[in-house]
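The values are calculated or read from the model by the stated rules, or taken from the named source; none is laboratory data. Given the structure is predicted, the values throughout are model-derived calculations rather than measurements. Cβ atoms come from the backbone with ideal geometry, glycine included; neighbour counts cover every protein chain shown. Heads up: the accessible areas ignore ligands, DNA and RNA and are worked out on the full protein's heavy atoms, side chains in. Shrake-Rupley method; radii C 1.70, N 1.55, O 1.52, S 1.80 Å.
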Amino acid sequence: MAWERAGRGSVAGETAHKLRGDYGDMRSDHTVDQDWEAYTADEHELWRRLYRRQESLIARHACDEFNNALADLNFGEGIPRFGAINAKLRPATNWQLVAVPGLVPDLTFFEHLANRRFPVTVWLRDPGEFDYIVEPDIFHDFFGHVPMLFNPVFADYIQAYGRGGIKAHELGAIEMLARLYWYTVEFGLIHTPKGLRAYGAGILSSGGEIPYSVESADPNRIGFDLLRIMQTRYKIDTYQETYFVIRDFGQLFEATAPDFSPYYAQLNGRDTFAPSTVLAGDRVYQRGLAPVRTANGA
Ligand code: HBI
Ligand code: FE
């Protein structure tokens, strides 16, 4: 996953590479129709392969909330229809999926989340990208994110993130907020009675990073701390050097309930921490033996 930097306020054309996806027919809110009939038999087969590989990994490494929702949804047989999932999502947490051509501008993304609409990319990666994909595709967006939208507390957290994003956009603080999204929604771990488990979509949609994030002795694992996370840079083209661990989803929601404006003011101009740093005040679950990862080490 190397897409975050490309996504930052840049869909209009400042990206390092051209965005994939067809942005020609989208509506003003960047949504499109899914056009499920257009997926080929090969694409459905690739989806089944991706799904089966992840399924064998998540049983031991994903949190129960993710595993239970995934089992209920049962979308392993082919690329799902968003409409069918929406019929289940609406009564569960009042979220809806909307189809998008790919990365959308930050503010558009935040506005969807603030209104409990989760943007899901319509295209699937090529077979050669089985293990690694630069931009989020339908497999990352769907497999990684959708099951957690069925958890009421987590679903509220994502909406709160969207609202916070709109505000951060006005305040010029998106970078700090984006680190929170990265280290929770994308790469978060949770400490459960069964041990450490993953809930972040970037982990759960990756074949290699699931066991790495939960079991490897290499990375740091540190207790969740909102301000600390907002000062911590991240790498977009390697496995993470540090994972942050929550106790439960309530902790996430409560920590992020206050208005962030004073936090941004407090942190503005301060030094940021390298992704591999362990601080004296950290609650350390695991001090990594080899946290530093070089690019493309994934
Ligand atoms: N667009 N489709 C899509 N998916 C994302 O996850 C996404 C995005 N645009 C911007 C973005 N993420 C992030 O840069 C913000 O969360 C900061
Ligand atoms: Fe994602």
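Restricting to the stretch 162-200, what's the tally of residues that are in a loop (DSSP other than H, G, I, E, B) and either buried (at least 21 other Cβ atoms within 10 Å of the Cβ) or of a type in the set (S, T, N, Q) (or both)? Reasoning before the result, please.
In the first step, residues of the stretch 162-200 are kept if they are in a loop (DSSP other than H, G, I, E, B); the result is 172-173, 187-188, 193-194, 199-200.
If we keep only those that are either buried (at least 21 other Cβ atoms within 10 Å of the Cβ) or of a type in the set (S, T, N, Q) (or both) too, we end up with 173, 187-188, 199-200.
Residues flagged as in a loop (DSSP other than H, G, I, E, B) and either buried (at least 21 other Cβ atoms within 10 Å of the Cβ) or of a type in the set (S, T, N, Q) (or both) within the stretch 162-200 amount to 5.
Out of all the residues in the stretch 150-164, which are in contact with a Lys or Arg (Cβ under 9 Å, 6 or more places away or on another chain) and within 13 Å of ligand 2 (Cβ to nearest atom)?
Within the stretch 150-164, just I158 meets the criteria.
Would the stretch 213-233 turn up any residue that is open to solvent by 10 Å² or more (accessible area, probe 1.4 Å), closer than 27 Å to W95 by Cβ and of a type in the set (D, E, K, R)?
no
Does S261 satisfy being modelled with pLDDT of 95 or more, in contact with a strand residue (DSSP E or B) (Cβ under 7 Å, 6 or more places away or on another chain), on the phi < 0 side of the Ramachandran plot and among the small types (G, A, S)? Don't jump to the end; show me each part of the working.
Values: modelled with pLDDT of 95 or more: yes; in contact with a strand residue (DSSP E or B) (Cβ under 7 Å, 6 or more places away or on another chain): no; on the phi < 0 side of the Ramachandran plot: yes; among the small types (G, A, S): yes.
The answer is no for S261.
Looking at (1) more than 11 Å from ligand 2 (Cβ to nearest atom); (2) surrounded by fewer than 22 Cβ atoms within 10 Å (Cβ to Cβ); (3) at pLDDT 95 or above; (4) of a type outside the set (K, R), find the lone condition where V134 falls short.
(3)
Output the qualifying pairs, or none if there are none: Cβ atoms under 6 angstrom, residues six or more apart or on different chains, first residue in the stretch 230-244 and hydrophobic (A, V, I, L, M, F, W, C), second residue open to solvent by 10 Å² or more (accessible area, probe 1.4 Å) and assigned to a loop (DSSP other than H, G, I, E, B).
Between residues of the stretch 230-244 that are hydrophobic (A, V, I, L, M, F, W, C) and residues that are open to solvent by 10 Å² or more (accessible area, probe 1.4 Å) and assigned to a loop (DSSP other than H, G, I, E, B), the close pairs are I236/A2; F244/F224.
At least 3 residues that are within 15 Å of ligand 2 (Cβ to nearest atom) and touching a residue at least 40 places away in the same chain (Cβ under 8 Å) in each: list the helices (runs of 4 or more DSSP H) lying fully within the stretch 56-127 that qualify. Give the derivation first.
Numbers: elements: 64-73, 82-93, 106-114.
Those helices (runs of 4 or more DSSP H) span 106-114.
Per-residue answers, yes or no, for (1) within 14 Å of ligand 1 (Cβ to nearest atom); (2) aliphatic (A, V, I, L, M):
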residue	(1), (2)
F139	yes, no
F154	no, no
V185	yes, yes
L189	no, yes
L196	no, yes
I203	no, yes
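When you scan the stretch 223-230, do you find a residue that is in contact with a His (Cβ under 6 Å, 6 or more places away or on another chain) and either modelled with pLDDT under 95 or under 20 Å from G164 (Cβ atoms) (or both), even just one? Write out each step before concluding.
Of all residues in the stretch 223-230, those in contact with a His (Cβ under 6 Å, 6 or more places away or on another chain) come to none.
Checking the stretch 223-230: not a single residue is in contact with a His (Cβ under 6 Å, 6 or more places away or on another chain) and either modelled with pLDDT under 95 or under 20 Å from G164 (Cβ atoms) (or both).
Residue-wise test of (1) at pLDDT below 95; (2) within 19 Å of the chain's Cα centre (by Cα); (3) assigned to a helix (DSSP H, G or I).
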{"residue": "V245", "(1), (2), (3)": "no, yes, no"}
{"residue": "Q251", "(1), (2), (3)": "no, yes, yes"}
{"residue": "A257", "(1), (2), (3)": "yes, no, no"}
{"residue": "Y285", "(1), (2), (3)": "no, no, no"}
{"residue": "A290", "(1), (2), (3)": "yes, no, no"}
{"residue": "G297", "(1), (2), (3)": "yes, no, no"}
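In this structure, is P152 touching a Ser or Thr at 6+ places or on another chain (Cβ under 9 Å) and open to solvent by 10 Å² or more (accessible area, probe 1.4 Å)?
Working: touching a Ser or Thr at 6+ places or on another chain (Cβ under 9 Å): yes; open to solvent by 10 Å² or more (accessible area, probe 1.4 Å): yes.
It is true that P152 is touching a Ser or Thr at 6+ places or on another chain (Cβ under 9 Å) and open to solvent by 10 Å² or more (accessible area, probe 1.4 Å).
If you take the residues in the stretch 234-243 that are more than 20 Å from I190 (Cβ to Cβ) and not β-branched (V, I, T), which one is surrounded by the most Cβ atoms within 10 Å (Cβ to Cβ)?
Within the stretch 234-243, the subset more than 20 Å from I190 (Cβ to Cβ) is 235-238.
Next, only the ones that are not β-branched (V, I, T) stay: 235, 237.
Details: K235: 21, D237: 16.
Out of the qualifying residues, it is K235.
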